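The values are calculated or read from the model by the stated rules, or taken from the named source; none is laboratory data. As the structure is a prediction and not an experimental result, all values here were calculated from the model. When we count neighbours, we look across all protein chains shown, and the Cβ atoms used for this are built from the backbone with ideal geometry, even at glycine.
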Amino acid sequence: MAYTELFETCWDSLSGIKQLKLIAKKQDGSPITFPLDVIIQSGKVVVSEDYMQKLFTVNGESYQYRDILPNHGGLEEEFIDERQGKLYRKNLYFSIPKVNLLTNNQIRDFLFASGEQYAITNICAFIIDNNNQNWIVGWDLPLELEEFDLKTDTRNGENSYVFRYVSESYNEIMPYTFD
């Protein structure tokens, strides 16, 4: 009698967020222009990383990243079939716990564009999931901030910032590899 394997391992699916790196600005501090000019080899976006300076280089262009250890984070991708065509809606959400003056300043520097502009920056996310797979989200059309909230818990002394970014594009979440 034939059987169907119910617990077959799928290596091409994102399983939780282990590490999250967000880029919002180029190395010189100017905003990113989308789409990123990427090189795709064997179905993966090719990048290089400089850990010491916290830089990702994509096709010769360097981007400063913020390394975030998210609390209660996740990424969902939804397929939408509309009259304009087929879209993929990506929802990236995470929280940053233990808000203090240092985290406030870092979040302000990250969220707002340089040059005294009051403009919230769009981002691209590099994710390492719980299966140690690398994923890039928002390289074609950026992730845009949809929700930003401060959660406080006076009873337990816990507080956190909650972020939710959304992107709609014609491309799925892509894996990335290092050159």
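Where strands (runs of 3 or more DSSP E) fall entirely within segment 61-164, those with at least 2 residues that are within 22 Å of residue 43 (Cα to Cα) and of a type outside the set (Ser, Thr, Tyr) are at 71-82, 85-97, 124-129, 134-137.
From the set of residues in segment 130-179 that are surrounded by 11 or more Cβ atoms within 10 Å (Cβ to Cβ) and of a type in the set (Gly, Ala, Ser), which is farthest from residue 56 (Cα to Cα)? In this case the residue turns out to be 160. Considering segment 65-93, and only residues there that are buried (at least 17 other Cβ atoms within 10 Å of the Cβ) and modelled with pLDDT under 90, the residue that is farthest from residue 110 (Cα to Cα) turns out to be 73. For residue 137, the criteria (1) farther than 26 Å from residue 101 by Cβ; (2) in contact with a Gly (Cβ under 9 Å, 6 or more places away or on another chain); (3) of a type in the set (A, V, I, L, M) hold in every case but one, which is (2).
Within segment 68-102, count every residue that is free of Cβ contacts under 8 Å to residues at least 12 places away in the same chain and of a type outside the set (Phe, Trp, Tyr). Selection size over segment 68-102: 7. Residues in segment 34-80 that are among the polar types (S, T, N, Q) and within 21 Å of residue 170 (Cα to Cα): 41, 42. Before we move on, is residue 132 touching a residue at least 12 places away in the same chain (Cβ under 8 Å), touching a Pro at 6+ places or on another chain (Cβ under 6 Å) and closer than 22 Å to residue 18 by Cβ? No, not satisfied.
Could we say that residue 46 is out of contact with any Phe, Trp or Tyr (no Cβ under 6 Å at 6 or more places or on another chain) and either surrounded by 13 or more Cβ atoms within 10 Å (Cβ to Cβ) or assigned to a strand (DSSP E or B) (or both) here?
yes
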